[in-house]
Amino acid sequence: MAGAVVTAHGELLVLAVLPLVLMVTAPRAGLPTTAEVTATLSATRCVEDDEVDLVLRIRADGVERVDADPVLAEWTTGRLAERGRDGRTTVARWTLGPSRWGRQQVGPLRLQLLAGGGCYSARLDVPVEDLVVFPAAAALARAVAPHELAAPLGEHTSRAVGSGVEFAGVRPYAPGDRQRDVDWRTSARHGELFVRQYAAERAFDLVLVLDTAVDAGEAGRSSLDLTVRAATGLAQSYLRAHDRVGVVTFGGPLHWLAPATGPRQLFRVSEALMSVRPDESEQAAGSVEFGLDHLPRGMLPRRAFVALLTPLLDDGPLEAVRLMRARGFAPLVVDVLNSDPDLPAGSRAAALALRTWRLQRESLSVELGRLGVAVLDWDGDAELTAGLQHAMRAARPGARV
């Protein structure tokens with residue numbers, strides 16, 4: 001109509017007929033004024049690569065079509081799994097697949113509601129709960145431990161003789177021995193009574209020390225990702241064996257979780273590992289940093305086994321090992337860096353920088369060897385049990401295994 005008036009061409013009024021008819025036949029008085037909208041997650045906590053459902057329910061009488069599109073985090077994929085109507089309620093369900101650990105924001109869910117033959121629309125953003133994605137656990141076939149263990153109760157075989165279930169040998173009968181322990185076959189062969197001996201079962205104290213000063217490598221497989229996944233696998237395996245597990249993080253703010261056992265400790269360890277990569281609000285607020293020399297001595301129980309997970313990119317791990325040695329511990333160092341720096345190819349300066357970088361890391365390994373510390377390389381995929389057992393019981397101090 002405005003075009004017809006401005007240009008003095010009356011034939012343009014024909015184009016206004018259809019919108020006018022639609023506006024007359026679909027008056028605003030008949031449009032919906034309210035809508036009931038809910039957006040829920042099937043679970044607010046999951047593990048990397050698990051699937052979580054996002055369900056949207058909308059009830060608004062008079063709405064003819066609903067378009068919905070969830071805004072997802074960078075490391076979360078989503079696909080529309082279901083869409084339809086349940087009576088007067090429109091239902092849509094998406095399957096989300098988070099592929100990296102952390103506290104991820106799901107949403108908002110952007111909606112567009114159409115009514116009046118498409119002449120009227122309403123847009124709104126629906127908030128959704130945050131999704132807590134726990135790190136996947138590194139592969140461990142079983143929990144291994146040194147032979148010399150101090151705790152009196154547990155599931156690890158010790159060199160000491162006790163009341164376990166694993167056979168440790170035979171000895172001549174002595175007054176007070178139980179009749180059910182008599183080894184009748186050996187007794188018949190030697191003409192005197194012999195009894196079976198069993199290896200004592202001991203518990204294991206494991207303290208995981210995490211170097212969080214630097215996060216290097218490809219996102220999703222960076223040194224911090226591998227550190228957290230290795231710590232998760234170790235904590236799950238040893239807590240399942242009724243051992244005590246504690247966590248210490250340094251490089252950023254110094255945090256610690258005292259060694260304990262049980263399902264509740266596994267949840268505490270998982271929460272502690274989630275905090276090694278702070279969110280934006282925590283980064284903006286800042287925090288005071290302390291070194292490991294401020295770590296309470298009670299955090300490292302006597303004869304505890306210390307595993308230091310680090311990318312070996314600065315002198316922080318070396319100072320940490322020296323401190324542990326001064327307190328009477330011989331930690332195992334797990335190198336979690338599995339990639340070289342991304343440098344321009346064909347550049348002599350880049351090649352020299354890469355060679356210098358490798359020499360610095362190698363010098364750290366040599367210095368750790370002088371301190372009598374074993375270094376275990378882990379690429380994020382290999383099974384950790386064999387390497388841990390070798391490092392705990394047979395590795396030459398300072399050797400890479």
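The values are calculated or read from the model by the stated rules, or taken from the named source; none is laboratory data. From a predicted model like this one, the values you see are computed outputs, not experimental measurements. Using ideal geometry, Cβ is built from the backbone for each residue, glycine included, and neighbour counts are taken over all protein chains shown. Side chains included, ligands, DNA and RNA excluded: accessible areas come from the protein's heavy atoms. Shrake-Rupley method; radii C 1.70, N 1.55, O 1.52, S 1.80 Å.
Of all residues in segment 94-124, those satisfying the criterion of being under 23 Å from Thr44 (Cβ atoms), out of contact with any Leu (no Cβ under 7 Å at 6 or more places or on another chain) and not small (Gly, Ala, Ser) are Thr95, Arg100, Trp101, Arg103, Gln105, Pro108, Arg110. Reported count of residues in segment 329-342, each being open to solvent by less than 70 Å² (accessible area, probe 1.4 Å) and part of a loop (DSSP other than H, G, I, E, B), is 8. Among the residues of segment 28-35, is any modelled with pLDDT of 80 or more and either surrounded by 14 or more Cβ atoms within 10 Å (Cβ to Cβ) or of a type outside the set (D, E, K, R) (or both)? There is at least one residue in segment 28-35 that is modelled with pLDDT of 80 or more and either surrounded by 14 or more Cβ atoms within 10 Å (Cβ to Cβ) or of a type outside the set (D, E, K, R) (or both). Note on segment 218-258: residues that are among the acidic types (Asp, Glu) and either open to solvent by 10 Å² or more (accessible area, probe 1.4 Å) or touching a helix residue (DSSP H, G or I) at 6+ places or on another chain (Cβ under 7 Å) (or both) total 1. Of everything in segment 73-120, what is within 30 Å of Arg277 (Cα to Cα), over 25 Å from the mean Cα position of the chain (by Cα) and not aliphatic (A, V, I, L, M)? Give them in sequence order. Correct list: Arg110 only. On inspection, Val17 fails the criterion of being open to solvent by less than 90 Å² (accessible area, probe 1.4 Å), out of contact with any Asp or Glu (no Cβ under 8 Å at 6 or more places or on another chain) and either touching a residue at least 60 places away in the same chain (Cβ under 8 Å) or part of a strand (DSSP E or B) (or both). In the list Thr40, Thr34, Thr44, which residue meets the criterion of being more than 37 Å from the chain's Cα centre (by Cα), closer than 21 Å to Pro127 by Cβ and of a type outside the set (Phe, Trp, Tyr)? Only one candidate passes the filter, namely Thr34.
With respect to (1) touching a strand residue (DSSP E or B) at 6+ places or on another chain (Cβ under 8 Å); (2) within 28 Å of Ser270 (Cβ to Cβ), the lone exception for Ala138 is condition (1). Scanning segment 310-328 for residues that are open to solvent by less than 50 Å² (accessible area, probe 1.4 Å) and in contact with a strand residue (DSSP E or B) (Cβ under 9 Å, 6 or more places away or on another chain) yields Thr310, Pro311, Leu312, Gly316, Pro317, Ala320, Val321, Met324. Residues that are open to solvent by 50 Å² or more (accessible area, probe 1.4 Å), in a loop (DSSP other than H, G, I, E, B) and at pLDDT 85 or above do occur in segment 358-381. Checking every residue in segment 259-266 against the condition of being among the hydrophobic types (A, V, I, L, M, F, W, C), open to solvent by 10 Å² or more (accessible area, probe 1.4 Å) and either under 23 Å from Thr76 (Cα atoms) or touching a residue at least 24 places away in the same chain (Cβ under 8 Å) (or both) gives at least one match. Within segment 163-184, the presence of a residue that is within 31 Å of the chain's Cα centre (by Cα), at pLDDT 85 or above and assigned to a strand (DSSP E or B) is excluded.
Check segment 197-208 and report whether any residue there is more than 15 Å from Ala136 (Cα to Cα) and out of contact with any strand residue (DSSP E or B) (no Cβ under 7 Å at 6 or more places or on another chain). No, segment 197-208 has no match at all. Selection of strands (runs of 3 or more DSSP E) fully inside segment 37-115 by the criterion of at least 1 residues being acidic (Asp, Glu) and loosely packed, with under 15 Cβ neighbours inside 10 Å returns 52-59, 65-70, 76-86.
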